[in-house]
Structures are given as C-alpha cells and as structure tokens.
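Let me begin by presenting the structure, written as structure tokens, before commenting on it.
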Amino acid sequence: MEGVGPAFGVLGPVTAWDGFGNSIGLKGPRHCSVLARLIVARGRVVPVSRPVEDLWADDPPAGAVGAVRTFVAALRRVLEPERPPRSPARLLVTDGPGYALRAGTDAVDAWRFEQTVAAAATLPTEDATARLEEALGWWRGPAYAEFADQPWARAESRRLAELRLHAVELRAETLLALGQADRAAADLRAHSAEHPWRENAWRLLALALYRTGRQADALDVLRRARALLAEQLGIDPGPALRSLEADILHQADHLGQALDHPAGRVWEQVTATYDRTVAPDARARLESTTGLLRNLAVTGGSGLPAAREHRVAAIAAAEELGDPELTARVIGAYDVPAIWTRLDDPEQTARVVAAAERTLTALPAEGHEPAKARLLATIALESRGTPLARGPQAARQAEEIARRLDDPALLAFALNAAFMQCFDRTGLAPRRDEIGAELVALSARHGLATFEILGHLVRLQARSALGDFTAADRHAAAADALAVRHEAPLVGVFTGWYAALRLDATGRAPAAEVEAAYRGSATLLDGAGMPGLADGLLPLALLCLRVRHALPLRFDPHTDWGPYAPWARPLLLLDQDHRPEAAEALRATPDPPRDLLQEALWCLTARAALTLGDRHTMERAHTALTPATHELAGAGSGLLTLGPVSGHLADLADALGRTRERFDETRRRTGE
C-alpha cells in the first residue's frame, strides 16, 4: 500500500495501517468499536445515536454523544495526521446527523476479499488458485474478532465467515483441477473437521483422496460423513455425496483417477528382484525389513499396528541369531517419531524395552556409540507415560552421545526421546517448545522430514498450552504442508483435532458448535491405529467442554471413558447428585499420569474436590497445578482444554482460605 491512504483490517481484530504498511494506533477499544461500526456500514452514514447505543446499550451517560464525537476526532487525527487544522476530513466525514467512512474498496481487507472471491470464477485456474490463496492469507482470525458477538457486527461477521469457507472449498476445486489433489486433501482434512456439517467439504475431501490413489480412505470419509449427519442431525447425505460414493465404488472414469501408477510398477519390479537375489535367511533381510516397517508406521490406516506387530517379530528374529550388533541395528533403525505420550500397546512396548536393555548390556563396552544412543533413545521413547525411572536417564544419555558425535539424525531421535520424558511435573510447555524449535531447525537443515513434522507438532502443542494460537496456527499449517509432500496422513489427525481445540479455546463459537467440531475430529481417529490416543478421548474432550461452560454432563452410562474413567467418575456422580459415591470415587482417584493431559486431569480432580469440599484433594491439586499457572489446562495436548489453569488455582485458593477460616473459627468456639 506504499504511497496511498490508510488501509483497514477486519478479517481478525480490527486494525489499521498507514500508506507504508505500518500499524496505526487506534487508541482504545471504544475507538476501534466506532471505526468497526463505520466499516460495517460500507460508506453509509451512521447516525451518532448508533455508536452511543452500541457502546452503552440502554444506559448511556449524559455525555455519551460528546464522547463519541471525541472518539471520532481522535480517529481523524491518527488516520489523517497531515490534514491541516480545521480543514474538512476526507476519510472519516461528518454527514448530516452522523458519520461515514469514505474508503475505497481496496482499503478494507474484507471488501477486497469479497471482490477476489467473486472474480476467481472468471479467472484461469492457475490465476484463480493464486488469488484465492493470497486472499485467504489476509485472514488473521474471526472477522471483527473483538466485536463478533455485538448485535451490529454479528451478521456481517457470520457472512464473512461463510464466504471464507466458500473460498476454502473453491480453492480446493481449483487445486483438483490443476491435478494437485494431495494439496487439496491436506487443506480439506482440517476444514472438514472444523466444519463437519459442510457436505461440500466432505465431498471434496473424498474426491481428493480418490485422486491420490486412496480409494479406501475416500470411501471411509464418505461413510464417516454419513454417520455424522445421521447421528447428529438425523438426516441422510445429500445427492452429491451419495452420487460420489457410487462413482468411487464403480471407479467412474469421470472422476479422473489413474489406477496404474508408475511408482507401483517400480515397487513390484524391485521387490521381485530382491526376492530372487537375496537369500531368505540373509541377515540383510532383517535390516531391510526394519526400514520398511519404519515407513509403514507413518502411512496411516492399518499400517501402524501392523508395523508394531512385525517390529516385535523382527527383533525376536534378530535376537535368535545371537548377534547383538545386528539386534541393535534392527531395534535402533525404527526411529518413528512419536508425539503422543500414552502407549498404544503396552505389552508390545515392554517387550521392545526389554530387548533393548538386553542388547545394550550385550554390546561391547567400548565403541558402538551410535547404536547405544539409539537403544537408549528407544528405551526412553517406549517407556513414556510409565513410572519407569530409567526413561529420563536414558533420554539424557542418548542426547549427550548424539551431541558429542554431532550426528543430526541421531540427535533428532534423541530429542524425540527427551520430549517424551519432559513431563515430570506440570507447567513444562516452555521446555517442550524449546525441544520442538530445535527439532524444526535441525531437521530443516538436514532434510529430516518426519522429525521436522514432529517438531512443528510439538510446538503446536506447546504454543497452544501457552495460549499463543497465532504461532500454533503457523506450526499446524507447516506440519500439514510437510505431511502432503512426504505422504504422512496421520499428521492430519493431530491438526484436525487442533482445529477443534482452537475453536474451543478462542471462545468464538457456542458450546454446541464446538461439541460438533470435536465429534467431527473424532472421526479422524477411525482406523488410524492409535488406540493410546483414541480410547476415551472424545468423551474427555466433551467433559472438559461441558465442565468449563457449567453445562449438565448427561453422558450415556455406557460411554467408554478408556483410561480417563478415574478422573471422570467423581464429576459424573456429582452430576447425578450421588454425593457420597462421588466423595468415595474422589478419594480413590490417583494422581494423573505425567503426560500431555496431566494438567487437564488435575483440573477435573480440582473441580470435583471444590464441589465436595475435600480440602486434602484441593491442596494436592493446588500444589500440582501451581507450576502451570500461565498455561491453558489440557491445551498442551493440542486436543482439548479446560481453560486457564490460573482460574482453577484461584478457585482452589479461595476455597482453601475459606475452609481454613472455618476450621479456626471452630477451634475458637470449642476452646481447642
């Protein structure tokens, strides 16, 4: 905008920039409100009585009109700083009984956005894609963010939000037309999870997946959409979804899916040659198998559980050969990045840890430092979420060796182990953010794509815990982009859930809409092969949402709470007015595991203790949560939240103070 007048931004918090792109200070929130009211009017005159009503509702002070005129005068000074004194304003003008903003279409980002979306339909496909991507980049948050709930802004904010969703889907259409189905699928995963009632989003996602050769995933998306619509709205999918499902089942030619991929032919030729050339009992087969399993683990669907199962078998086969160096390579080569702190299969994991410990002992005392570091990192990763004291020590040793050897790939693996052992108390999001930042920088320098993705997901979690959703958004987008480029579909599970968390944490949507977003995100876990993540997660997210909004819990008695049952049970019993049983359940509730959800589970315990007046449990919760004062409870998971920890701590401190006063008063009365 160099050399032109001020520009205004309402696609996010209301702001203004001068002709050189520098931010203009708009004084206070009431000044911003007046400016936003004028932008909503789109050049029409706004009588001075309207801002008065907006700012003071039904009880304006005696000097309200004068105050609005003062706000307008202050806005004029900052928007036209070089206007001579007493000369008429050219931008924020007085017109009859009110004011109007005489800004050109290009001066307001929302107006430019509308024009761009409308024009996209008339442009060549490549140009339309570029213009839509540019326009979507103008969004900095919900339209008229700080005023979106005001009656005068609500309709305009919702209209722009709907236009943005249309633009996202229109961009996906252009990407599909350009043959970039992988990029379209990455964008649409988060979009459909955040807006599960948009049938067009599900249609486009299924079509994009089909065009990338993932017919089964495409059908799964359509079936999830059908189930969601039936369960939540009691309706069947529209004709577009039904027609697409039939076309995919019959591999209709007009869908544009090429089923004979050159990569597939190369794979078949190479594997056939390998089978003919390499002896069945050759040790090279074991090492080759481990590399294959590593890749299989990040493919999604049934790949992850199958990789875990075959990994255990490969380790057992290596141990039978009695060669600890070979066994170390087989164990250590499976450096699959791990982001979730709860194990998917504890029994399998225990076997891997035991084999790693045996191999570490069997290796010669001197040398083999890289192999030892990989074994130590494996032990630390696979003992996450367990009380095994060996885990933190193994992570430190692996990191020390990797730094000493200056081995980037080894260090990335060791940093993953360090992340998994960074939960010895609450409030450690800043430390995890540092680990994530180092992972991103290290991996980007050395082409370690899967660990670069991991670093962005770690930072997404950490910045969410710290309430920095602007940064978390950047890391979610970076992880999604890398996932498309490197075919890592499981990333979409985490970024899809993050979209629901963000909707929840920012407070810009009613609880019913947030609940629908969480339910939509839960469908991403179907068939993902991550029971340690999936079991009980949706009920826990909904419990946190309802507790935070003081809504009745009303869960089905058959709800599967998975590992979170002990922390949910006291609150569920209280919701049914079963106080004695709730008190007994609370006394039996253990300390939460030291993992990504420990702050959330402590806060659930705190809420039950506050309701029951259980001083001992309140004190435990207060002590445990104090280090996390500046975090959002649960948001460090990137999945759900119970709001600021500081609020729970304040309630605990207040209740503990009151019970102390009552105790002292009782002692005084009884003469004790």
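The values are calculated or read from the model by the stated rules, or taken from the named source; none is laboratory data. Keep in mind that what you see is a predicted model, and the values were worked out from it rather than measured. Heads up, the Cβs are rebuilt from the backbone with ideal geometry, glycines too, and the neighbour counts pull from every protein chain shown. Surface accessibility is based on the protein's heavy atoms, side chains included, excluding ligands, DNA and RNA. Shrake-Rupley method; radii C 1.70, N 1.55, O 1.52, S 1.80 Å.
Assorted remarks:
- Complete set of residues in segment 612-657 that are farther than 19 Å from Ala511 by Cβ, not in a helix (DSSP H, G or I) and not hydroxyl-bearing (Ser, Thr, Tyr): Gly613, Asp614, His630, Glu631, Gly638
- Meets criteria (open to solvent by 50 Å² or more (accessible area, probe 1.4 Å), closer than 30 Å to Arg519 by Cα and at pLDDT below 80) for Gln269: no
- Any hit, segment 242-251, residues being open to solvent by 60 Å² or more (accessible area, probe 1.4 Å), touching a residue at least 12 places away in the same chain (Cβ under 8 Å) and on the phi > 0 side of the Ramachandran plot: yes
- Count - residues of segment 311-327 that are part of a helix (DSSP H, G or I) and surrounded by fewer than 16 Cβ atoms within 10 Å (Cβ to Cβ): 4
- Number of positions in segment 461-484 that are touching a residue at least 40 places away in the same chain (Cβ under 8 Å) and over 19 Å from Thr641 (Cα atoms): 4
- When Arg140 is tested against the conditions (1) assigned to a loop (DSSP other than H, G, I, E, B); (2) open to solvent by 70 Å² or more (accessible area, probe 1.4 Å); (3) over 20 Å from Thr15 (Cβ atoms), the lone failure is (3).
- Test set (1) in a helix (DSSP H, G or I); (2) open to solvent by less than 20 Å² (accessible area, probe 1.4 Å); (3) of a type in the set (A, V, I, L, M) - Ala130 fails condition number: (2)
- Any hit, segment 79-97, residues being small (Gly, Ala, Ser), without any contact (Cβ under 8 Å) to a residue 60 or more places away in the chain and over 25 Å from Tyr144 (Cβ atoms): yes
- Every residue from segment 478-487 that is out of contact with any Leu (no Cβ under 7 Å at 6 or more places or on another chain) and either among the hydrophobic types (A, V, I, L, M, F, W, C) or not in a loop (DSSP other than H, G, I, E, B) (or both): Ala478, Asp480, Ala481, Leu482, Ala483, Val484, Arg485
- Scan of segment 7-30 for residues that are open to solvent by 30 Å² or more (accessible area, probe 1.4 Å) and in contact (Cβ under 8 Å) with a residue 24 or more places away in the chain, ordered by number: Pro13, Gly25, Lys27, Pro29, Arg30
- Tally, over segment 459-490, of residues that are under 10 Å from the mean Cα position of the chain (by Cα) and open to solvent by less than 30 Å² (accessible area, probe 1.4 Å): 7
- Any hit, segment 85-94, residues being open to solvent by less than 20 Å² (accessible area, probe 1.4 Å), within 19 Å of Gly12 (Cα to Cα) and not acidic (Asp, Glu): no
- Residues (over 24 Å from Tyr144 (Cα atoms) and open to solvent by 20 Å² or more (accessible area, probe 1.4 Å)) located in segment 495-521: Arg519
- Put simply, of Gly529, Gly507 the only residue that is part of a loop (DSSP other than H, G, I, E, B), on the phi > 0 side of the Ramachandran plot, among the small types (Gly, Ala, Ser) and over 17 Å from the mean Cα position of the chain (by Cα) is Gly529.
- Residue among Arg189, Arg203, Arg183 that is surrounded by fewer than 23 Cβ atoms within 10 Å (Cβ to Cβ) and in contact with a Leu (Cβ under 7 Å, 6 or more places away or on another chain): Arg183
- Some residue of segment 324-332 being touching a Leu at 6+ places or on another chain (Cβ under 8 Å) and of a type in the set (Lys, Arg): no
A quick yes/no check of all residues on (1) of a type in the set (Phe, Trp, Tyr); (2) touching a residue at least 12 places away in the same chain (Cβ under 8 Å):
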{"site": "Trp152", "(1), (2)": "yes, yes"}
{"site": "Ala155", "(1), (2)": "no, no"}
{"site": "Glu169", "(1), (2)": "no, yes"}
{"site": "Thr174", "(1), (2)": "no, yes"}
{"site": "Leu178", "(1), (2)": "no, yes"}
{"site": "Ala185", "(1), (2)": "no, yes"}
{"site": "Ala201", "(1), (2)": "no, yes"}
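- Qualifying residue in segment 288-310 (condition: part of a helix (DSSP H, G or I), among the charged types (D, E, K, R) and open to solvent by less than 30 Å² (accessible area, probe 1.4 Å)): no
- With respect to being open to solvent by less than 30 Å² (accessible area, probe 1.4 Å) and touching a residue at least 12 places away in the same chain (Cβ under 8 Å), Leu551 falls outside the description.
- Count of segment 356-409 residues, restricted to those that are closer than 22 Å to Leu442 by Cα, small (Gly, Ala, Ser) and open to solvent by 10 Å² or more (accessible area, probe 1.4 Å), is 2.
- Meets criteria (surrounded by fewer than 16 Cβ atoms within 10 Å (Cβ to Cβ), part of a helix (DSSP H, G or I) and in contact (Cβ under 8 Å) with a residue 12 or more places away in the chain) for Glu162: no
- Residues that are among the small types (Gly, Ala, Ser) and in contact (Cβ under 8 Å) with a residue 40 or more places away in the chain, drawn from segment 413-424: Ala414, Ala417
- Residue in segment 576-623 that is least open to solvent (accessible area, probe 1.4 Å), counting only those that are basic (Lys, Arg) and either touching a Phe, Trp or Tyr at 6+ places or on another chain (Cβ under 8 Å) or under 30 Å from Gly391 (Cα atoms) (or both): Arg620
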